[in-house]
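This report concerns only the one structure given below.
Computed from the coordinates by the stated procedures, all read-outs in this text should not be read as laboratory data. Every value quoted in this text rests on a predicted model; they were computed, and no experiment measured them. Every residue, glycine among them, receives a Cβ derived from its backbone with ideal geometry; neighbour counts consider all protein chains shown.
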Amino acid sequence: MALNEVHAAADALLALAADLDDATARGDSALPGWSRGHVITHIANFSEAMTRQVDGALDGRLIEMYDGGRPARDTAIESGADRSAADLRTHLTQAVTTLLASWDKVSPTDWPLPILHRNSNLSAGLQATRRELTIHTTDLNLGLTPTSWSPSFCLHLLDFLRPRTPDGTHLVLTSPTATWENGSGEQIVLTGNLTDLTAWYAGRPTPGPITGPALQLLPWP
């Protein structure tokens, strides 16, 4: 169940960040141009914003994900990234814990309720939370890599990112445990472990090798 996986992802994230010190917070994440402080601030801000989505939906209200939209979101990340490690840890823990409490309030009949995040519903919002926590935990570059991603998460993420395959391309990702295909046209076959193929498709560094021709992917949906 996705809710259990969200709790597990949150536990892994908070455990990894528990010993964060100031020097480590200033260090590079796996995302170009972002420190670990940027990543932690983004996760915390996302968690607060998604909490508003959940609580609003349960109250019958539609609320914008971020006040001020994407520009305000980006400004908040930049302004919060250089805080002390203690402040970053506190913000992250409070925001993620509060979000989990909100998700735990959702009943089986509530999942179709609409939210403004991606003009979707609570069920899709839970999957978005799963993606954000799981991917950005590895983005922290603190020893946990995409090799920790479960097969079910990899296949979910690949399906979510289907719009990244360029037009006119039939992309085939082949691993020892699964084969995933997308698009039509010239066939491009890449081979590797499922976690490496998924990390590549998500625009992340791959811990292991991938064989096959180079392919320029489209932006995230």
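What separates the Cα centres of region 8-31 and region 188-221 is a distance of 25 Å. Once the C-beta distance of LEU62 and TRP220 is scaled by a Förster radius of 25 Å, the resulting FRET efficiency is 0.60 to the nearest 0.05. Each residue of region 169-175 was assigned a 3J(HN,Hα) from its phi angle through the Karplus curve 6.51 cos²θ - 1.76 cosθ + 1.60 (θ = phi - 60°); the sequence is 10, 9, 8, 10, 9, 10, 10 Hz, with glycine and proline shown as x. Secondary-structure-derived ellipticity at 222 nm for the chain, considering helices only, amounts to -16500 deg cm²/dmol, per-run term -39500 (n - 2.57) for DSSP H runs with n ≥ 4. Dimensions of the chain from C-alpha coordinates, computed as largest minus smallest value along each principal axis and given longest first, are 46, 45, 31 Å. Applied to region 61-74, the Karplus parametrisation 6.51 cos²θ - 1.76 cosθ + 1.60 on θ = phi - 60° returns per-residue 3J(HN,Hα) values of 10, 9, 10, 4, 4, 10, 4, x, x, 4, x, 5, 4, 5 Hz, with x for Gly and Pro.
The local environment of ILE63, defined by Cβ-Cβ distances under 10 Å, has a net charge of -2 under the rule Lys, Arg +1 and Asp, Glu -1. Annotation: the antiparallel percentage among DSSP beta bridges lying fully within the chain is about 55. Considering only GLY37, GLY192, GLY143, the mean-square fluctuation computed in a Gaussian network model of the chain, springs between alpha carbons under 10 angstrom, is largest for GLY143. For region 135-141, the Karplus equation 6.51 cos²θ - 1.76 cosθ + 1.60, evaluated at θ = phi - 60°, returns couplings of 5, 6, 4, 6, 5, 5, 6 Hz by residue, with Gly and Pro reported as x.
To the nearest Å, what is the center-to-center distance of region 71-88 and region 122-150, using C-alpha atoms only? That distance is 20 Å.
Proximity of backbone amide H atoms, modeled 1.01 Å from N, is registered between SER120 and ILE115 at under 5 Å, excluding neighbours fewer than 5 places apart on the same chain.
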